[in-house]
Amino acid sequence: MSSAYLVAGLTLVVATGVMADEAVHVALPDGDRLTGTLVSTDGKTTVIHHAVLGDVSVPASYVVEDKADSGSASSGSSDGDHADGNASASEEPAEASPWSGSVSLAATASRTSSSTYNIRLGAEAHRKTDAEQFDLTASWYWNQSNGVTSDNDILVRAVQEWFIPESRWLLFAQGTWQYDQFEDWGHRVSPYGGVGYRVFDRDDLSLTLKGGAGVTWQYRGNEVDPQLLFEANTDWKIDDRQNLSGFASIAPDPVRWDHYLATLSVDWKYRLGDETAWAFNVGLRNIYDSNPSGGSTANDLKVYAGLSVEY
């Protein structure tokens with residue numbers, strides 16, 4: 001019995017020593033330690049207030065003497081510090097993804113003396129880091145009038161750029177694939193490669209000039225034409241809602257400069273609200289072939305207006 005009274009007495013002495021907002025250290029059986037201020041004790045159970053866990057009840061025998069050395073105090077509060085650190089870490093925003101993109105739709109329909117339907121579907125994917133940039137765009141145009149299809153056109157363009165460190169110069173590889181049901185060539189593939197220079201490379205404005213070479217291959221007739229390439233790309237963030245982007249290129253024959261393929265693409269987007277991914281967009285695409293093969297059309301002009309959603 002005397003031993004029990006002695007233990008109880010020692011416990012009360014320890015509890016008394018930590019009154020008046022002095023730190024209370026609790027040693028748990030698994031080796032963890034808690035530090036807080038004393039709330040109450042009855043000799044069997046002690047309640048402490050922990051900065052993170054709140055009020056905690058523990059057997060009074062778990063309370064240990066406060067040690068003068070700062071190392072012990074730091075050890076006693078490590079549990080709370082880690083908890084706070086984990087909470088802060090969990091609240092840190094995730095690193096922004098280098099990917100962005102959008103999907104767009106433009107469609108019209110009329111039914112008067114004749115029935116006409118027009119559809120334009122578009123998709124974009126972009127990835128930019130400090131070392132490189134990748135852009136992929138695709139569009140499909142379809143037109144039907146009185147049950148007769150007059151346009152069925154697909155165009156896919158991929159561009160890969162590698163930035164040369166500590167300079168505005170870059171290397172690029174790019175290519176386009178176009179399918180047109182009503183053109184003599186059917187499929188047209190144009191791969192190019194070369195060097196570029198970033199005249200402007202700001203968050204709100206970019207302008208890149210490119211020069212290189214490649215070929216254009218036409219499926220029907222198996223015709224291959226070597227070409228040079230001169231191109232200018234731009235992306236202008238007019239304000240928080242408006243964005244204008246596009247490119248202009250000309251790919252002449254190295255010997256016969258009057259034989260060339262010229263492309264102009266412009267797209268303007270206006271976001272419908274500050275907190276929405278939806279935007280109204282208007283665009284133009286024109287591809288001109290100065291020397292069309294067979295019965296192909298020299299000029300292919302597309303103008304569209306519709307909605308897009310960004311992701």
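The values are calculated or read from the model by the stated rules, or taken from the named source; none is laboratory data. Quick caveat, the model's predicted, so the values are computed rather than measured. Here the Cβ is made from the backbone with ideal geometry for all residues, glycine too, and neighbour counts use every protein chain on show.
List every residue pair whose Cβ atoms lie under 6 Å apart, where the two residues are 6 or more positions apart in sequence or sit on different chains, the first residue falls within segment 275-299 and is touching a residue at least 60 places away in the same chain (Cβ under 8 Å) and assigned to a loop (DSSP other than H, G, I, E, B), and the second residue, located anywhere, is small (Gly, Ala, Ser) and loosely packed, with under 15 Cβ neighbours inside 10 Å. Sorted first by the residue in segment 275-299, then by its partner, the pairs are Pro292/Ala298. Are any residues in segment 167-181 surrounded by 15 or more Cβ atoms within 10 Å (Cβ to Cβ) and of a type in the set (S, T, N, Q), and if so, which ones? Residues satisfying the conditions are Gln174, Thr176, Gln178.
Check whether at least one residue in segment 77-99 is under 30 Å from Asn286 (Cβ atoms), modelled with pLDDT of 85 or more and part of a strand (DSSP E or B), and report yes or no. Yes, the conditions are met somewhere in segment 77-99. Of all the residues in segment 243-289, those that are surrounded by fewer than 18 Cβ atoms within 10 Å (Cβ to Cβ), more than 30 Å from Trp185 (Cβ to Cβ) and either hydrophobic (A, V, I, L, M, F, W, C) or outside the structural domain of Thr137 (by TED's automatic domain parsing) (or both) number 5. Listed by first and then second residue, the pairs linking a residue in segment 50-79 that is more than 10 Å from Leu34 (Cα to Cα) and among the acidic types (Asp, Glu) to a residue that is surrounded by 12 or more Cβ atoms within 10 Å (Cβ to Cβ) and modelled with pLDDT of 50 or more, with Cβ atoms under 8 Å apart and 6 or more places separating them unless they lie on different chains, are Asp55/Val39; Asp55/Val47; Asp55/Ile48; Asp55/His49; Glu65/His25; Asp66/Ala23; Asp66/Val24; Asp66/His25. The set of residues from segment 25-39 being aliphatic (A, V, I, L, M) and either not in a loop (DSSP other than H, G, I, E, B) or not assigned by TED's automatic domain parsing to the domain that holds Val64 (or both) comprises Val26, Ala27, Leu34, Leu38, Val39. Only one of the listed residues (Ser150, Ser102) is under 23 Å from Val282 (Cβ atoms), exposed (fewer than 14 other Cβ atoms within 10 Å of the Cβ) and either under 24 Å from the mean Cα position of the chain (by Cα) or not charged (D, E, K, R) (or both). That residue is Ser150. Filtering segment 210-242 to residues that are surrounded by 13 or more Cβ atoms within 10 Å (Cβ to Cβ), over 22 Å from His259 (Cα atoms) and not aromatic (Phe, Trp, Tyr) leaves Asn233, Thr234, Asp235, Lys237, Ile238, Arg241, Gln242. Checked against the criterion of being modelled with pLDDT of 75 or more and either assigned by TED's automatic domain parsing to the domain that holds Trp142 or in a helix (DSSP H, G or I) (or both), segment 45-61 has at least one qualifying residue.
Which residues, taken from segment 159-200, are of a type in the set (S, T, N, Q) and over 21 Å from Ala262 (Cβ atoms)? If you could, list the steps in order and put the result at the bottom.
Of all residues in segment 159-200, those of a type in the set (S, T, N, Q) come to 160, 167, 174, 176, 178, 181, 190.
If the condition is that a residue be of a type in the set (S, T, N, Q) and over 21 Å from Ala262 (Cβ atoms), then Gln160, Ser167, Gln181 are the ones that fit.
Filtering segment 22-52 to residues that are at positive phi and in contact with a helix residue (DSSP H, G or I) (Cβ under 9 Å, 6 or more places away or on another chain) leaves only Gly43. Within segment 124-137, the residues that satisfy the criterion of being buried (at least 16 other Cβ atoms within 10 Å of the Cβ) and under 22 Å from Asp300 (Cα atoms) are Glu124, Thr137.
Residues to consider are Val156, Val224, Val199; find the one that is assigned by TED's automatic domain parsing to the domain that holds Val103, out of contact with any Asp or Glu (no Cβ under 6 Å at 6 or more places or on another chain), touching a residue at least 24 places away in the same chain (Cβ under 8 Å) and assigned to a strand (DSSP E or B). Spell out how you get there, then give the answer.
Working: Val156 fails: touching a residue at least 24 places away in the same chain (Cβ under 8 Å); Val224 fails: touching a residue at least 24 places away in the same chain (Cβ under 8 Å).
Only one candidate passes the filter, namely Val199.
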